[in-house]
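**Q** Got a structure for you, questions after.
The values are calculated or read from the model by the stated rules, or taken from the named source; none is laboratory data. Remember, it's a predicted structure, so these values are computed and weren't measured experimentally. Note: accessible area is taken over every heavy atom of the protein model, side chains too, but ligands, DNA and RNA are not part of it. Shrake-Rupley method; radii C 1.70, N 1.55, O 1.52, S 1.80 Å.
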Amino acid sequence: MMMVSDDCLVECKIDDDSDEDGEGEEQINTPPPPPEFASKDPTPAPKPPTPPAAPTTPSPPRPVNRDPYGINQHLKVEVSDVLAEPATPRSIDQVWLYSVAGFETARIWTYRCLSLLLAVPFAFLCGVFLAILACLHVWFVVPCLQLSNTFLPCLRSLCMFTVNVFISPFCVSLALCCSQITVSLSNKDWHQMRDNETV
């Protein structure tokens, strides 16, 4: 164990009355620590303060995918799916361009106007319909299935008991009685039955 002499100890005066802004601070000259207590790594230099970042301009929002599961892929109709001109009988180029523009404009704006009128009521009706289905499923269908799964084994046991005790012995006895019955036909009877069928 190593003892530290009093010569290595340094007295530091701390002034608590100094302002927080740094006014009135005195530079205290302290001797370096003895080699036994000196750290091996050099003290890192203080980092210069980083300037505040300039405010970034907001980027435009990304378009929302309104059909993430692709349930309406069949409605992606393009002009080439509907209109097509053969190579030999061709119309004037301007006629074709205006036809394509008219098709696209009519399709887009008719859909927008109809959705403006009908989208909210239809969405409301779909929500009500799905809520009714969910309510029936939660409060009627699933409880009935769970109750039937609970009580059906008891009813099955009761039915099997009834069949094994009453119906099965009766059927076995009837089968044994009927197994002793034999039917024999002579040639005369056979010909008579054939004649009756032909008449």
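**Q** Can you tell me which residues in the stretch 73-88 are under 42 Å from the mean Cα position of the chain (by Cα) and open to solvent by 70 Å² or more (accessible area, probe 1.4 Å)?
**A** The answer is GLN73, HIS74, LEU75, LYS76, GLU78, SER80, ASP81, VAL82, ALA84.
**Q** Identify all residues within the stretch 100-120 that are open to solvent by 60 Å² or more (accessible area, probe 1.4 Å) and not charged (D, E, K, R); write none if there are none.
**A** THR105, ILE108, TRP109, THR110, TYR111, CYS113, LEU114, LEU116, LEU117, LEU118, VAL120
**Q** Does any residue of the stretch 89-110 turn out to be among the small types (Gly, Ala, Ser) and under 28 Å from the mean Cα position of the chain (by Cα)?
**A** No, the stretch 89-110 contains no residue that is among the small types (Gly, Ala, Ser) and under 28 Å from the mean Cα position of the chain (by Cα).
**Q** So PRO48 ticks every box in (1) at pLDDT below 75; (2) open to solvent by less than 80 Å² (accessible area, probe 1.4 Å); (3) not aliphatic (A, V, I, L, M) but one. Which box is left unticked?
**A** Failing condition for PRO48: (2).
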